[in-house]
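What follows is a short report on a single structure.
Derivation of every value follows stated rules applied to the coordinates shown; laboratory data play no part. Not measured: the values here are computed from a predicted model. Using ideal geometry, Cβ is built from the backbone for each residue, glycine included, and neighbour counts are taken over all protein chains shown.
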Amino acid sequence: MMRLAAIIGVWFAITSAQAADIAIALTNDHVEVDTGFSGARLTLFGAVSGVEAPHAGAGVDIISVIRGPATQFQIRRLQKTGPIWMPGAMHAIKGAPALYLTNANRQITDIAPLPDQAAYHLGADFLKIHTVRGAGETPEEMQDGAHNEVFAKAFVTEARDAGLYRDRIGGVEFKKGALFTITVELPANTPVGEYSVAVYLYQGGMLLGRDEAELVVNKVGIERRIFDLAHDQPVTYGILCVVISLFAGWIAALAFRKS
């Protein structure tokens, strides 16, 4: 009898977990960037269903992940050659998000189990950073996976120092009923492109539901025209830069000649 009651209890727990869900929406799914852009504040509104009166301390946890467009970076490690430090072989970081921000009501490591952190890349440490080794490495370094991982970790450290990768505790506020908001701060150096926004609902270490939205960051004004020209017509853009540089140099020479 007790065993039957235990099985029924587990069945009700699983049923309630499967019935839970989450839905989100952005106050603004377009961010415009110009020369005066100093960052932006985004607010995500969300609603939870299937969980009774979610609030802080009730065992309900929320994680949000904003992931920027995949891009390519280059990184070098300084090597000492005699008394001089010189840049070593170049490593290309490919497919890494240009911006990666997480918000959670508490430590992600206390919310989600390790398999989920790895599967959903919850936190910058769980991103899959692919590196392409550059010329100039020894055969031993070329075959050393740990050596390659050093560059991936160095890249994440640099991205964090630049404010492009950030894992933040806070910004999640539970409202009345089943509503909540998440406030996200975009840095001033936010790259342009298409972003994915994902929010995960956890309770007792179990993933109950997730929802996603899209965000677009665009340049506006003269910055947008220059950006489009540089990407759509790189040869024309290069020639124009050279012409402007020559013209500026000629003007400066005339100014100094008159003085």
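If the chain linking Val216 and Met86 were pulled fully straight, counting 0.36 nm for each residue of separation and taking away their Cα-Cα distance, it would gain 42.9 nm. For region 196-219, the residues whose amide N sits under 12 Å from a probe point set 7 Å from the Cα of Tyr120 along the beta carbon direction are 198-212.
Treating r as the C-beta distance of Thr43 and Lys94 and R0 as 30 Å, the FRET efficiency rounds to 0.35.
Sequentially through region 190-205, phi angles give Karplus couplings (6.51, -1.76, 1.60; θ = phi - 60°) of 4, x, 7, x, 9, 10, 10, 10, 10, 10, 10, 10, 10, 8, x, x Hz, Gly and Pro residues having no value and appearing as x. Against the empirical 2.2 N^0.38 Å (N residues), region 19-122 has a Cα radius of gyration ratio of 1.58. Compared with the direct C-alpha span, the chain from Thr183 to Ala162 gains 5.5 nm at full extension, assuming 0.36 nm per residue.
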